[in-house]
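First comes the structure, then the notes that go with it.
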Amino acid sequence: MFVFWLLSASIHLPEVLTACCAVTNEDIHTLKNDWLTDNAIAFWEEYLEREFLVNYQSSNIVLLRPSMSFMLLQTPDPTSLREALPDFSKTTHIFLPVNDCRNVSEAEGGTHWSLLLVSVVDGIAFHYDSLPPGNLQEAGLVTRKLSDLLNKRLRFINLDDSPVQENSSDCGVFVCLSMRHLLLKRLLTTRSSDKISMSLGKMKVDAWKGRKEMLRIIDQFRKRAERRRSYVLLFPSAIAVLLLAYVASFFFPEGDDGWERPRLPPFLTSLPSSLPAFSSLLSLPSSFSPPKLPKFLTRGNVD
């Protein structure tokens, strides 16, 4: 009965694996040598949030997902999106990946990515495009939509000195690397009173190296998730083994003196005092009370 409880309780264990945005095989493929998917860029944004932005609790920076940027671009009345979008009332800066797709029914559509960084406090939208003129029109439209949403005038600046890609497929990688550079090297490392240049004119972008780094980061998350999954699966099994040993101990008779009876090791003799905590974790009945160990099992210590 106890063993059944323990094994069945494993399916009720709380979710432990809270890895970043789920990455598909298609996303992995595009990261190797193709045009990045929305999901690959969304993963990168969540990675920046969880690994870096979380350490700056006083910052009010939003990394808007590609799907939300696209929704903002396509919606005639942006104010209707207030419930779907983050609360920007205290936001100082917003990063928006911009896509040139105009077909709302086309999944993973478009042919080019660019980056829009909106400084809400300064009322300026900076546009970084690695293949100019590229998304100049789309970025300007997103800026006007965001201006209506924020009820604040935004001045649009297209930075024509942005790093330029050497092929037709690295635009998404340029967006990701530019986003990290602007976030970590400009916004999070300077005081709010400092005047900082938002130009990326001197930034060198190695797209191939960036792709390999992103793949390495994803692989690290995969290995971390596998270790956690192994723990979740093995934990109830290990406890079941201990409980089996505990229950089996009742079948050892007292016997006659002269025969050395088996002893439980200390960590098993303390099991009864630990079971209330286990019962709480595994959702056992609150009234569950484990029986006491026989005296002969608690005498002495095991070498």
Scan of the range 151-179 for residues that are within 21 Å of the chain's Cα centre (by Cα) and surrounded by fewer than 18 Cβ atoms within 10 Å (Cβ to Cβ), ordered by number: none
Within the range 72-118, considering residues that are out of contact with any helix residue (DSSP H, G or I) (no Cβ under 7 Å at 6 or more places or on another chain), polar (S, T, N, Q) and within 25 Å of GLY172 (Cα to Cα), the one surrounded by the fewest Cβ atoms within 10 Å (Cβ to Cβ): SER105
Spans of strands (runs of 3 or more DSSP E) in the range 28-132 with at least 3 residues more than 23 Å from GLY210 (Cα to Cα) and touching an Asp or Glu at 6+ places or on another chain (Cβ under 9 Å): none
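Read-outs throughout are calculated quantities, based only on the coordinates presented, and are distinct from any laboratory measurement. These numbers come from a predicted model, not from an experiment. Note: ideal-geometry Cβ built from the backbone for every residue, glycine included; neighbour counts use all protein chains shown.
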